[in-house]
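Heads up: the structure comes next, in structure tokens.
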Amino acid sequence: MNNEQTYLDSLFEKYLHAKRIFKHKEVLRHSYTPKELPHRREQIETLAHILVPVLKGETPSNIFVYGKTGTGKTVTIKFVTEELKKASKKYSVPVDVIYLNCEVVDTQYRVLANIVNYFKHESGFEVPLVGWPTDEVYSRLKEVIDAKERFVIIILDEIDKLIKKNGDDILYNLTRINTELQNARVSIIGISNDLRFKEYLDARVLSSLSEEEVVFPPYDASQLRDILEQRAKYAFNDGVLDAAVIPLCAALAAKEHGDARKALDLLRVSGEIAEREGAEKVLERHVRKAQEKIEHDTMEEVIKTLPLHSKLVLYAVVVLDENDALPANTGEVYVVYKEICEALDVEPLTQRRVSDLINELDMLGIINAKVVSKGRYGRTKEIRLNIPAFKVKNMFRRDYHLQSLLAMDFLKQRRLFA
DNA sequence: CCTCCACAGGAACAGGTGGGAA
DNA sequence: TTCCCACCTGTTCCTGTGGAGG
């Protein structure tokens, strides 16, 4: 047998094994809506109960839904509203469900524009993504919605993001829109990860938005196990999962506030790693590898796409870390940052701006910035690095600006904290 | 109890981009 | 083309503040 032949054999061999792991991988993606939602019966019933007046031609209450990430809020709402749409056909009540994710659609203008554009096939016009005055879009919205008798359910997912950035004007407008409509009725379902977000709301808005509240508690490990098992049945071929795999994925995800999304990602990536290795079964060690890979990949993606000055600020924190100068305060980070800018011949930003960049890095989980008061010695942030310095440097190694910085071994030459 | 540090973080504004409309 | 608008980055100027040390 010649080399070419062996190569071809192993090529097919690998392919065969690869086929053995997954049956329907897409079942493990979070965009997939399963036909059954384990451990969410109570929430489904509550939501159905709140929405059922629609079928009798009455306006349902607005709903406020909250729970941490990966507790099944979005998937449950989508499921229930889908069912409602099916039922509404039977009773011939026209219902439109508009789903908006406020992480993407994150201004009052975009929310309104998206709603108007939802009806573009019916109304025949479209609002541009920028350009119009907001109140014009709003009156166009009323016109379009009110064109006939119907119920419009607007789902605002991650509504906290929208409010934190823009205040509660949108909600104020949307919650009282019914008083200005003749034919149509609008109700709103707000979904939030953050319970404290209610503090940002005006009392009137709050009382009208949270006429009904539905809470999604985190899943515990055994519930996560049920969810994974249900999906694994369709996703994987029989017998390819080692008995320890699902419990481990569930346990790891349960540790992080019972996040089902995380659990599904772990299971999927474990399968992918096993597949790539050409293994016949998914084993515990694949899950461990998957966890590392997920963590590393998301962090790397975030850091790579950071704007230049955020990278420089982060690099300043790395330098401080390597000088054992952490936790540092804002002033110290700013001093190092300015030196880095000078070394690279880049115009530094003001401290005010850098302070905001530090907050952004904190939000991304790359660093940790806690506001502390040191009494006589002022009020500042205590800044720490959340990932090992060498990992950050490795990610920077491919960055055009920072390469030179690493090459000149900035840290040692400058002797910043001798 | 008061002071005063070293900032936090809000407000107003400037300048630029990218898009639609007349 | 020119004008308008939303939105972003960034600056300047500013007021507010928790708590150690006097």
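Each value in this text was obtained by applying a stated rule to the coordinates, not by laboratory testing. The model shown is predicted, which means the values in this text are computed figures rather than measured ones. Please note: Cβ atoms are built from the backbone with ideal geometry, for glycine as well, and neighbour counts cover all protein chains shown.
Residue by residue through segment A:281-286, what is 3J(HN,Hα) from phi via Karplus (6.51 cos²θ - 1.76 cosθ + 1.60, θ = phi - 60°)? Round to whole Hz and write x for glycine and proline.
Values per residue, Gly and Pro as x: 10, 8, 10, 4, 5, 5 Hz.
Given A:K35/A:K198; A:K35/A:K68; A:K164/A:K374; A:K78/A:K304; A:K255/A:K293, which pairs have Cα atoms separated by over 25 Å?
Flagged as over cut-off: A:K35/A:K198; A:K164/A:K374; A:K78/A:K304.
Please tell me the relative contact order of segment A:306-414 in percent, rounded to the nearest whole number, where contacts are Cα pairs under 8 Å and at least six residues apart.
27 percent
Contact order normalised by length for chain A, with contacts defined as Cα pairs under 8 Å and 6 or more residues apart; what percent is it?
After rounding, I find 17 percent.
Give me the orientation-averaged projected area of the Cα convex hull of segment A:41-216, in nm², one decimal.
9.5 nm²
Under 16 Å Cα to Cα from A:K281, which lysines show up? Leave out anything in the same chain fewer than 8 places away.
A:K14, A:K19, A:K23, A:K25, A:K233, A:K289
In a solvent-free Debye calculation with one equal scatterer on each Cα, what is log10 I(q)/I(0) for segment A:102-189 at q = 0.14, 0.17 Å⁻¹, listed in the order of the q values?
Reported log10 I(q)/I(0), two decimals: -0.45, -0.68.
Hey, which aspartates and glutamates would be in cross-link range of A:K56, C-alpha to C-alpha under 17 Å, not counting anything within fewer than 8 residues on its own chain?
Filter leaves A:E83, A:D96, A:E149.
Once each part is reduced to its C-alpha centroid, what is the distance from segment A:368-389 to segment A:310-349 in angstrom?
With segment A:368-389 and segment A:310-349 each reduced to a Cα centre, they are spaced 14 Å.
Using only the alpha carbon atoms of chain A, find the Kirkwood hydrodynamic radius as the inverse mean reciprocal pair distance, in angstroms to one decimal.
Evaluated on chain A, it is 25.2 Å.
Within chain A, what percent of beta bridges assigned by DSSP are antiparallel, to the nearest 5?
30 percent
Can you tell me which of A:219-230, A:203-214, A:90-101 comes out highest on packing, and rank the rest after it, using the mean Cβ neighbours within 10 Å?
Descending mean neighbour count gives A:219-230, A:203-214, A:90-101.
Taking only C-alpha pairs under 8 Å that are 6+ residues apart, what is the relative contact order of segment A:41-216 in percent?
35 percent
Do any chymotrypsin sites (Phe, Trp or Tyr not before Pro) in segment A:280-341 lie in a loop, going by DSSP, with at most 11 other beta-carbon atoms within 10 Å of their beta carbon, and if so which?
none
Quick check on chain A: helices-only [θ] at 222 nm, where DSSP H runs of length 4 and up contribute -39,500 (n - 2.57) each and the sum goes over total residues. Nearest 500, please.
Calculated mean residue ellipticity at 222 nm is -16500 deg cm²/dmol.
Give the cross-link partners of A:K338 among the aspartates and glutamates, using a straight C-alpha distance below 16 Å as the criterion and excluding same-chain residues fewer than 8 apart.
A:E347, A:D356
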